[in-house]
Amino acid sequence: MKIWLWETPTGSAEWVREGWASRPARGWPVLLDNDACARNKVCMSIDQTRTDSLDDALAWRITRAARLLRIHLSQVLRPLGVSPEQFYLLFRLHESDEGCTQANLVDSSLGDRPNVSRQLGSMERLGWIVRRTDPDDRRSKRVVLTPAGREITDQLLGLAVEERLRLFGGLSPQALDGLHQALSQLERQLALPG
């Protein structure tokens with residue numbers, strides 16, 4: 001069975017089995033012939049039944065690319081003394097003027113509580129964040145960037161933009177949009193209930 005990344009005339013993308021697409025109104029499968037496939041601009045074909053090469057397995061390619069990106073980010077951040085986990089937390093805190101609760105940082109960074117707590121402790125010792133009692137829930141701590149934290153975050157975000165342009169510069173805007181849409185759909189399909 002082949003899986004197609006299907007680009008519809010409206011520009012949205014969805015994964016479908018070869019020759020099949022979901023009817024938008026009802027969601028029932030509709031068989032499409034090869035001419036319909038060509039008219040609807042099939043972008044990519046991946047044979048999901050092959051087991052002869054790990055290098056051709058899409059899940060492996062995504063995992064490997066994510067690992068390579070993380071290693072690259074570690075190398076870029078190392079001279080500044082920042083770990084990828086600290087960068088993600090600083091970026092998340094930068095998005096909110098009021099800061100975030102520690103529990104929200106755990107959820108948003110997909111990290112485990114002890115690791116996030118350790119990272120925040122390290123960042124607090126560096127003077128990048130402060131933890132305050134949340135005025136809405138006195139049992140919770142709200143994590144806020146300090147001026148020093150904002151300064152390092154601004155520096156890191158500038159560096160991140162430079163690296164994004166360098167890493168993704170060889171991809172067309174359409175390829176980047178398609179990749180973003182496909183990864184977003186995959187994340188939705190893999191989302192844990194609750």
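Derivation of every value follows stated rules applied to the coordinates shown; laboratory data play no part. Since the structure is predicted, the reported quantities are computational estimates derived from the model, not experimental observations.
Summary table
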| quantity | calculated |
| --- | --- |
| Long-range tail of P(r) for the stretch 60-150 (Cα pairs > 15 Å, %) | 61 percent |
| Cα-based equivalent ellipsoid of the stretch 98-194: semi-axis lengths in Å, sorted from largest, via gyration tensor | 31, 21, 11 |
| Fully extended contour minus Cα-Cα distance, from residue 160 to residue 70, at 0.36 nm per residue | 31.2 nm |
